[in-house]
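The values are calculated or read from the model by the stated rules, or taken from the named source; none is laboratory data. Computed from a predicted model, the values in this text were never measured in an experiment. Using ideal geometry, Cβ is built from the backbone for each residue, glycine included, and neighbour counts are taken over all protein chains shown.
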Amino acid sequence: MNVEGILKTKGTGVITVEKGQQLMDVAAIIREKKIGATVVIDDAGHVCGVLSERDIIYAIAKEGGGALHQSVSAFMTPNVVTCQLHDTIDDLMTMMTDRRIRHIPVVEGGRLSGIISIGDVVKWRIAETEKEAEALREYIATG
């Protein structure tokens, strides 16, 4: 399975925010949409960061409540790891594990095409394992 297959089932919708928005507003969006992170875009619509629940917590722990009135750009992760449609689940697992990240935007041709979370990867990996186990059971049963 690859990223393209995941997005065909999951969909390509991504909640994005602008880097100048206040952290408080983005925290409200994350809560309302029940997501763990959002992609930050610049004025041209290009990916320039990711802001996660963890980033918001760290901002408050470091700056206090005043952080909520600062812009997203002050606390987002700016060096975004992205993937492409042809990347495999194994590629994603390696990226997420090596870089200790839970969300990877999908970028094709410079355009945001979706986002993959660790939950998506786990779901597809479990589904693959279950298919393999079922195929093995059928093979054994038919001798």
**Study point:** Pick from the stretch 24-44, criterion hydrophobic (A, V, I, L, M, F, W, C) and either more than 18 Å from residue 57 (Cα to Cα) or touching a strand residue (DSSP E or B) at 6+ places or on another chain (Cβ under 7 Å) (or both), ranking: surrounded by the fewest Cβ atoms within 10 Å (Cβ to Cβ)
**Key:** 44
Practice item. Kindly provide the set of residues from the stretch 108-130 that are surrounded by fewer than 19 Cβ atoms within 10 Å (Cβ to Cβ), in a strand (DSSP E or B) and not polar (S, T, N, Q), ordered by number. Key: 108, 111, 112
Exercise for review: Output yes when any residue across the stretch 69-85 is assigned to a loop (DSSP other than H, G, I, E, B), of a type outside the set (Gly, Ala, Ser), under 30 Å from residue 132 (Cβ atoms) and more than 12 Å from the chain's Cα centre (by Cα), and no when none is.
Suggested key: yes
Exercise for review: Check off (1) closer than 15 Å to residue 113 by Cβ; (2) at pLDDT 95 or above; (3) assigned to a helix (DSSP H, G or I); (4) not small (Gly, Ala, Ser) for residue 39 and give me the number that stays unchecked.
Suggested key: (3)
Check your understanding: Scanning the stretch 1-42 for residues that are without any contact (Cβ under 8 Å) to a residue 12 or more places away in the chain and of a type in the set (Lys, Arg), which turns out nearest to residue 105 (Cα to Cα)?
Key -> 8
